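Inspection log for the structure reproduced underneath, given as structure tokens.
Computed from the coordinates by the stated procedures, all read-outs in this text should not be read as laboratory data. All values reported here derive from a predicted model rather than from experimental measurement. Cβ atoms come from the backbone with ideal geometry, glycine included; neighbour counts cover every protein chain shown.
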Amino acid sequence: MVYLTRKAEFSASHYYHNPALTPEENARLFGKCNNPNGHGHNYTLEVTVKGAVDPKSGFVVDLKQLKEVMNREVLDALDHRFLNKEVPEFITQIPTTENIAIAIWRRLSPKLNFAQLHRVRVYETPDLFVDVYGEA
Amino acid sequence: MKAHLTRRHMFSASHRLHSDHMSDAENRATYGKCNNPYGHGHNYMVEVTVSGPVDERTGMVCSLVDLDDFVRDQILERYDHQNLNLLPEFATDVPTTENLCISIYDIVKRGFKAAHLEKVRIEETMMNSFEYAGEEGR
């Protein structure tokens, strides 16, 4: 089994707010991230796939294909967007790094029939990142 | 879906690697420059990884403020700008980054209850890093 990781970057704005909570609770829970005008990050995405090396090509996965799927399913939807207002998942869910990683997993996993998705890692900053490995 | 959240913090500390179980010559052979009697220092990068289901109310594995407060109060306060050899946990154990990893893991495991601790990873320099995930860890 060999693991291959492809990185990408996207920049987006967001804010944290749960409408079921009072303004005071939102402010306490989310602090500065609760500002409704939003703020932004340069996110780094790492997508790791795994598999046996194909003896014909020497590849675990066709990187071109992987890049295309990442661009189409993730970057086109998230890059230079206000996540809360423009990305369907975050109309109802808070766009935390955890939920962004899960949303990216759910976007990629059904489209990666040519590779086995192992991990999605999302860096919000170099000092904060989230990993998801699917439902397993 | 379960998520793993990793937070990085930095602290600076000095240490000297020297074991009382070895002769001076063995210490020099084992630890090389790190055996310098006057000690030396590093900027340690500590990564704490916690995991759990994502809370629907907050969208988070645990409050980042709680995790940051814990790391600041229990880890950075303890180790930042200290000589590791003078701390009680290194009275007998050599303050290698392996042992530091285990000490920090134990502090987080004992004191931070808001999420499951997966592992502690420390970069001693950009070239050296160490991980500890507990005795049952991977």
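Which distance in nm do the two modelled labels at B:Ala25 and B:Asp93 give, with both placed 7 Å along the Cα-to-Cβ direction?
For B:Ala25 paired with B:Asp93, the spin-label model returns 3.1 nm.
So, in nm, how far is label B:Arg78 from label A:Thr44 when the simple model puts each one 7 Å beyond its Cα toward the Cβ?
With each label placed 7 Å out from Cα toward Cβ, I get 2.9 nm.
Is any residue of the stretch B:34-67 close enough, with backbone N under 20 Å, to a label point placed 7 angstrom from the Cα of A:Glu135 along the Cα-Cβ axis, and if so, which?
Answer for the stretch B:34-67: B:52-56.
Debye sum, Cα scatterers, the stretch A:19-81, no solvent: what log₁₀ I/I(0) at q = 0.22, 0.25 1/Å?
-0.96, -1.06
Restricting to Cα pairs below 8 Å that are 6+ residues apart, what does the relative contact order work out to for chain B? Please round to a whole percent.
Computed value for chain B: 30 percent relative contact order.
Alpha carbon centre of the stretch B:37-105 versus the stretch A:74-121: separation in Å?
Centre-to-centre distance over Cα atoms comes out at 31 Å.
Which whole number in µm²/s is D for the protein assembly as shown by Stokes-Einstein, with the Kirkwood Rh taken over Cα pairs at 20 °C and 1.002 mPa s?
103 µm²/s
Specify which residue in the list B:Ile104, B:Asn43, B:Ala115 is farthest towards the positive end of the charge dipole of the stretch B:2-132, using unit charges on the beta carbon of Lys, Arg (+1) and Asp, Glu (-1), about the Cα centre.
B:Ala115
Relative to the Cα centre, what is the charge dipole magnitude of the protein assembly as shown, using +1 at the beta carbon of each Lys and Arg, -1 at the beta carbon of each Asp and Glu, and rounding to the nearest 20 debye?
About 800 debye.
Need one number for the stretch A:2-132: average projected area of the convex hull over its C-alpha atoms, nm².
8.2 nm²
Over the stretch A:10-79, what relative contact order in percent results from Cα pairs under 8 Å that are six or more residues apart?
About 37 percent, as a whole number.
Can you give the extra length, in nm with one decimal, that the chain gains between B:Ala114 and B:Met10 once fully stretched, where that is 0.36 nm per residue apart less the Cα-Cα distance?
Working: separation 104, 0.36 × 104 = 37.44 nm, distance 2.18 nm.
Answer, rounded to one decimal: 35.3 nm.
What number in nm² do you get for chain B if you take the convex hull of its Cα atoms and divide its surface by four?
9.2 nm²
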